[in-house]
1. Go through the stretch 178-187 residue by residue and turn each phi into a ³J(HN,Hα) via Karplus (6.51, -1.76, 1.60, θ = phi - 60°); whole Hz please, and just put x for glycine and proline.
2. Could you pull the Cα extents of the stretch 154-206 along its three principal axes, largest to smallest, in whole Å?
3. Could you state the accessible area per residue of the stretch 359-457 in Å², with a 1.4 Å probe and every protein chain left in place?
4. Multiply the residue separation of Ala103 and Ile378 by 0.36 nm, subtract the distance between their alpha-carbon atoms, and state the gained length in nm to one decimal.
5. What ranking of Arg228, Arg277, Arg155 comes out by heavy-atom accessible area, probe 1.4 Å, highest first?
6. Below 8 Å, C-alpha to C-alpha, sequence gap of six or more: please give me the relative contact order for the stretch 54-173 in percent.
7. Using the Cα gyration tensor of the stretch 278-404, with a ≥ b ≥ c the square roots of its eigenvalues, what is the shape: rounded (a/c below 1.5), prolate (a/b larger than b/c) or oblate (neither)?
8. Leaving ligands and nucleic acids out of the surface, order Leu130, Leu150 by accessible area at 1.4 Å, largest first.
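The values are calculated or read from the model by the stated rules, or taken from the named source; none is laboratory data. All of these numbers come straight from a predicted model, not from anything done at the bench. Every residue, glycine among them, receives a Cβ derived from its backbone with ideal geometry; neighbour counts consider all protein chains shown. SASA here: full protein model, heavy atoms, side chains in, ligands and nucleic acids out. Shrake-Rupley method; radii C 1.70, N 1.55, O 1.52, S 1.80 Å.
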Amino acid sequence: MPKTAEDLSTPTPLASRRLSVPRLAWLIGPALVAGVAYLDPGNVASNMTAGARYGYLLVWVVVLGNVMAWLIQYLSAKLGIVTGRSLPETLGHRIRNRWGRRAYWLQAELVAMATDIAEVIGGAVALNLLFGVPLLWGGVITGTVSIALLLIQSRRGPRTFEFVVIGLLAIIAIGFSFGVFVAPPDGASVVAGLVPRFEGTDSVLLAASILGATIMPHAIYAHSALARDRFAPPPAAAAVALGGDRLVPRGSRAADAPIGAPADPTLAELRGIPTRRLLRATKWDVTIAMLIAGTVNLCILLLAAANLAGVPGTDSLEGAYAALYAGLGPLVATLFAVGLLASGLASTSVGAYAGAEIMHGLLHIRVPLLARRLVTLIPALAILAVGFDPTVALVLSQVVLSFGIPFALIPLIALTANREVLGGYRNRVWTTIAGIAASVFLIALNGMLLYLVLTGA
């Protein structure tokens, strides 16, 4: 008699144990690490520029983006937990055409590179503001520190890496939110900003940039891998590797199952934790992460809207720092720069992790994280070396990310709605409809942006 979804979610009596609230809390973490991607320097540049140029006009974009991000990140984590595979791994096995798989990898790799550019430049700008370090050397320092963080991840495991990144996340939240309490925004204007509208081509560009920075493709790829790694069965509980990608018990039917078959029913047994309880903890994890990220992003925009709107030069990070220093004092400005530095350091490590997972999952090539980190530093350092405006580079990088969203989002919705992939954990109808609606909205916004730019409207 085939097992039901409830059967698959319940470990055997030997592995079964009740999970207390503290134990469920201990399962929280992967979403907070992935959530750092929502607070990278590209977010700061996009939100600061939007607030300085248009005041409260694009508040609705930040809120809507965060709501969509909750759904997307939960689905990504669910895929990793239920299947034991990341999104790139799943696609790498299901895309049979070699050139199709390479083409998909190429666009995902360009997205990862755009992410890296934003993060390294942001760290360089922060070091320049705090200590007067030249931008090029600031980029080198940021890249070096990110390598140290990746060493922690590779040598000490995912839990230690989570603690370090969450610590940086706390610094980011304080640094970017403090100014709003010193100079609060106008409540009526904030409410008015919840009404969807645009004012010209540039506001559409900034909206696409905000969404590209909020719903980041590499965060979708990374979260499924973070959840997979965080909740991987203990090595002692498994003896046979399936293609070297995930462990299954010796003698399990999953060892002979075709690629893409429903998740091995013994995953819960190997973990010793029911899958449904993991998914419940993941909902809390994603909710906490998105509340933090959404609140901080909104604070950045509101800080600029309330204090920098109409002030010349404040649509750049350097100009915004100078205006905050002059208007709100050195403490607010310094905390802002410290938050920017922590943002660059934390997010560049997560970005490198995502890029390595993309290459491994789609091309079946595993490049050492440190070697990959050194190579992906080159474009960002080149931009800093030629003297290109850092804030413009940050905003444009987020637009590139926005165009990469559909390539990550559409497969994610399709896979998580597929009974063959997730079995009884597949999406409900309304979840799939919400995912499709988000995809259509993002694609339409990008199409509108492309039309306006090409026509010069």
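1. Along the stretch 178-187, the couplings run 4, x, 5, 6, 6, 10, x, x, 7, x Hz.
2. Cα spread of the stretch 154-206 along its principal axes, largest to smallest: 50, 30, 15 Å.
3. For the stretch 359-457, the solvent-accessible area averages 49 Å² per residue.
4. Result: 96.8 nm gained on full extension.
5. Of Arg228, Arg277, Arg155, the descending order of accessible area is Arg155, Arg277, Arg228.
6. Once normalised by length, the contact order is 10 percent.
7. oblate
8. Working: Leu130 45, Leu150 0 Å².
Per-residue accessible area, sorted high to low, gives Leu130, Leu150.
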